[in-house]
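Only one structure is covered here, and it is reproduced in the block below.
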Amino acid sequence: MKTSAFISTLLCTVTGLSLSSAVYAVDEINALVWCDHTDPEFIEPFEKANNVKVNLKEFEGTGAALSIIEQSQPGDWDVLVVDGVDVPRLVKAGILGQMPAEALPLDDFFPELLMEDKHVHDGKLYAVTELFGYNTIAFDRTRVDPQDMTDMTVLWSDKYKGRIALYDWYLPMIGLVSMGLGKETASLSVDDLPEIRDTLFKLKENTAQVTDVVASQTVLATGEVDILFGGGEWLTAVLSEEMPDLDWVLPEQGGLRWSQSVGVFADAGNPEMALKFVQYIVSPAGQAALATSSCYWAMPANRQTAELLTAQQKSALRWDEQVEYLSRAQLYPEPGGELDEAMQDLWNEMLQQ
Amino acid sequence: MRDKLSREHEVRAWRFVLPALLWTLIFFVMPFGFMVVMSLWDRIDNVIVRTWNLNQYREFLLKPYYWQALVNSLQLTVTVTLVSLVLAYPLAWIIAMRVPERWQRLALLLAIIPFWTSYVVRSYAWLLILARNGLLNKALLATGLVDLPLEIAATRYATVTGFVHFFVMLLTLTIYANLKQLSPNHVRAAADLGAGPVRCFLHITLPLTLPGIMVGAFLTFVLCIGDYITPQILGGGNELVLPQVIMMQISRRADFPSAAALSIVLMLVVSLVYLLCARWLRLERAR
């Protein structure tokens, strides 16, 4: 009797464990994401609708993502959010897998956000844009003349000396300065760096702080500085209700368009649910929640999202100006190894001034 | 029989030592070895190339901003250590020598209360105090002591302040422990022989508390020179210290060989300081 009871218990345990692991395998996905995806308002509707648990791990920067992936086992991760410009190297490294284009509402996207040169390889789709925005000029309209902010070169004159903070990310900042000098970010070379260097160093003289993402918002919101060069809707829009004086603009020289893409891992443990998650992200409902997440706001890539945004949200995002803004924006520089190193060296040199 | 007993003792001793050995091997020797190997690799066109070379160390020697980062780290750390020491010694002395025995525990508790809050939160709290619109400037402006707000946040002064707040507590503890071990008879004997309080302090108390000072100062140096958070939050990105440069290599470029080489340079500096401390000031007396 005792033996049979023991065997029954053992069987129940083994069966239970098998079932629980089966349930675990089907109903969980693991996603490497940016902080906006961790907002419950965004994630919970998907989890409830699909009876799935989405395990989210936040990271900052593609370098950090690569180091996490390198330390993981195949199948550990299902979905990856990444800078749009970094998609090709992830495809080349075999990290991202193919997605069925017909399963995604790509016709509803802003045409510039399809980014086929980044997302499509050999005719196969590997990622889609979920959000985008700009590295440009964010400012407090009560402390500066908003008209001045439409010309980037005012920042390296003396007018706002000591009242500017720089966003601490060498690629967009060098890109922005090069645009201020009338250069194309896509065709930057080592020969352009001396001129950029002079302007960057002049800019540093006018600068009170060089700040990371969190500090950028803090210094602008607390009045430590009046202008955040490199900022944009991602800094000010989330604060638009409480601090309506914080604003952003694309100057006449244009701004840098950033975009975040989402894709499914080539070795995803749960690829079907991962694709469902991507579909949710690019649906108007997912886009609206993500675009106004508690971490930061950004422009949704799917134009149909407009119907779900309030007038205040659209105003904070400058939604109605997007067609014109998109036509004037350029993409992040994409330097090769040598130029990338030279750019980072230049930025670090500037920081040490 | 005797051989057998001594072998059993040896086996038993190894069993006791084994967990510590394994721990050190797995969590220090192996990661350190891997870091050394990584620092001897290269990164070309965003790909880590596993060929042995000294390129990362050559880069460190050739690029001025790497050197500048190391110089900034050393200047900052030496300043923090000295300022913390100057503030901590009197505090420890007062607690050990002037506060009644029954209140000393409470005094120590009050001294270490800042340890209870998160390091990051404490740094941000200092930012709120030192900022252009912060509490300090508001108070100075309100009292008419200054006409314009002082620029303290986002400078090295702010970083030093944040660090000193933390390390004064650490040094107070090590110096206090040393002061409590001193026999009062040394000072009494010197006084009997005609030495005044200042001479007693300079020739008796201070030399005998050097081990406590050095242990605290060395811990301060090690923790301060490797810290990334305080310079990042309070320094305002206006100058870089070496840990910030290391972080940039990892988070922005995934340049692990460069980050590993810079980390080893940092470890070499710490090792050098340890050797200097141990040799000059007989650190082993602290045991």
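Inverting the pair-averaged 1/r between distinct Cα atoms of chain B gives 22.6 Å as its Kirkwood hydrodynamic radius.
If the only charges are +1 at each Lys and Arg Cβ and -1 at each Asp and Glu Cβ, what is the size of the charge dipole of the range B:108-230 around the Cα centre, to the nearest 20 debye?
For this selection, approximately 120 debye.
Please give the residues of the range A:256-271, grouped as numeric ranges, whose backbone N is less than 14 Å from a label point set 7 Å along the Cα-to-Cβ vector of A:LYS57. Backbone N within reach: A:265, A:268-269. Among A:THR150, A:THR292, A:THR136, the largest mean-square fluctuation in a Gaussian network model of chain A (Cα springs under 10 Å) belongs to A:THR150. Go ahead and run the numbers for FRET between B:LEU135 and A:ALA221, Cβ-Cβ distance against an R0 of 22 Å, rounding to 0.05. Working from the Cβ atoms, E equals 0.85.
Annotation: amide H of A:PHE109 within the under-5 Å range of A:ARG303, sequence separation 5 or more or interchain, hydrogens built in the peptide plane.
Determine, from the Cβ-Cβ distance of A:GLU205 and B:LEU128 and an R0 of 30 Å, the FRET efficiency 1/(1 + (r/R0)^6), rounded to the nearest 0.05. My answer for the efficiency is 0.65. Note that the protein assembly as shown carries a Kirkwood radius of 28.4 Å, evaluated over its alpha carbons pair by pair. Along the Cα-to-Cβ line of A:ALA342, 7 Å from the Cα, sits a label point; which residues in the range A:185-200 have backbone N less than 13 Å from it? Hits in the range A:185-200 for A:ALA342 at 13 Å: A:187-197.
Counting only protein heavy atoms and using a 1.4 Å probe, the accessible area of A:GLU241 comes to about 140 Å². Put a plus charge on the Cβ of each Lys and Arg, a minus charge on the Cβ of each Asp and Glu, and nothing anywhere else: the dipole of the range B:64-286 about its Cα centre is then about 420 debye. This model, with +1 at the C-beta of Lys and Arg and -1 at the C-beta of Asp and Glu, gives the protein assembly as shown a dipole about its Cα centre of some 4340 debye. Applying both filters, DSSP loop and at most 16 other Cβ atoms within 10 Å, to the trypsin sites (Lys or Arg not before Pro) of the range B:168-264 eliminates every site. Could you point to the residue in A:THR305, B:LEU193, A:ILE164 farthest towards the positive end of the protein assembly as shown's charge dipole, with +1 and -1 charges on the Cβ of Lys/Arg and Asp/Glu respectively? Projecting each Cα onto the dipole axis, the largest value belongs to B:LEU193.
Note on chain A: Rg/Rh from Cα positions, Kirkwood definition for Rh, rounded to two decimals, is 1.05.
Working note: 222 nm ellipticity from helices only, DSSP H runs with n ≥ 4, each -39,500 (n - 2.57), summed and divided by the residues of chain B, gives -23000 deg cm²/dmol to the nearest 500. The residue list B:VAL241, B:GLY226, B:GLY212 was ranked by how far each Cα lies along the charge dipole of the range B:64-286 toward its positive end, using unit charges on Cβ atoms, and B:GLY212 comes out on top. Can you give the longest stretch of chain B with no exposed loop site, where a site means chymotrypsin sites (Phe, Trp or Tyr not before Pro) in a DSSP loop (not H, G, I, E or B) with at most 14 other C-beta atoms within 10 Å? My reading of the result: B:53-227 is the longest stretch. In whole angstrom, note down how far apart the Cα centers of the range B:72-105 and the range A:110-124 are. The range B:72-105 and the range A:110-124 have Cα centres spaced 61 Å from each other. When only Cα pairs below 8 angstrom with a gap of at least 6 residues are kept, the range B:64-286 shows a relative contact order of 28 percent. Residues whose amide H lies under 5 Å from that of A:SER293, counting only those 5 or more places away or on a different chain, are A:ALA298; hydrogens are built 1.01 Å from N in the peptide plane.
Candidates A:PHE201, A:LEU331, B:GLN181 compared by Cα position along the dipole of the protein assembly as shown: farthest toward the positive end lies B:GLN181, with charges placed on Cβ.
Peptide B:246-257 has a mean of 5 when you count, residue by residue, the C-beta atoms of other protein chains within 10 Å of its C-beta.
Nonpolar atom fraction for the range B:64-286, defined as the carbon and sulfur part of the 1.4 Å probe accessible area, stands at 71 percent.
For chain A, give the share of DSSP beta bridges that are antiparallel, in percent and rounded to the nearest 5; count only bridges with both residues there.
Bridges in chain A that DSSP calls antiparallel: roughly 60 percent.
Here each label is just a point 7 Å from Cα along the line to Cβ, and for A:LEU181 and A:LYS161 those points are 2.2 nm apart. Remark: the range B:22-38, residue by residue, has Karplus-estimated 3J(HN,Hα) of 4, 4, 5, 5, 6, 9, 10, 5, 5, x, 5, x, 5, 5, 4, 4, 4 Hz, where x stands for each Gly or Pro and the curve is 6.51 cos²θ - 1.76 cosθ + 1.60 at θ = phi - 60°.
Placing a pseudo-label 7 Å from each Cα along the Cα-to-Cβ vector at B:LEU5 and B:LEU82 gives an inter-label distance of 6.0 nm.
Relative contact order of chain A: 26 percent, from C-alpha pairs under 8 Å at least 6 residues apart in sequence. In whole angstrom, how far apart do the alpha carbon centroids of the range B:169-236 and the range A:310-342 sit? First find each Cα centre; the distance between them is then 56 Å.
The values are calculated or read from the model by the stated rules, or taken from the named source; none is laboratory data. These numbers come from a predicted model, not from an experiment. Neighbour counts are summed over all protein chains in view; Cβ atoms, including those assigned to glycine, are modelled from backbone coordinates with ideal geometry. Side chains included, ligands, DNA and RNA excluded: accessible areas come from the protein's heavy atoms. Shrake-Rupley method; radii C 1.70, N 1.55, O 1.52, S 1.80 Å.
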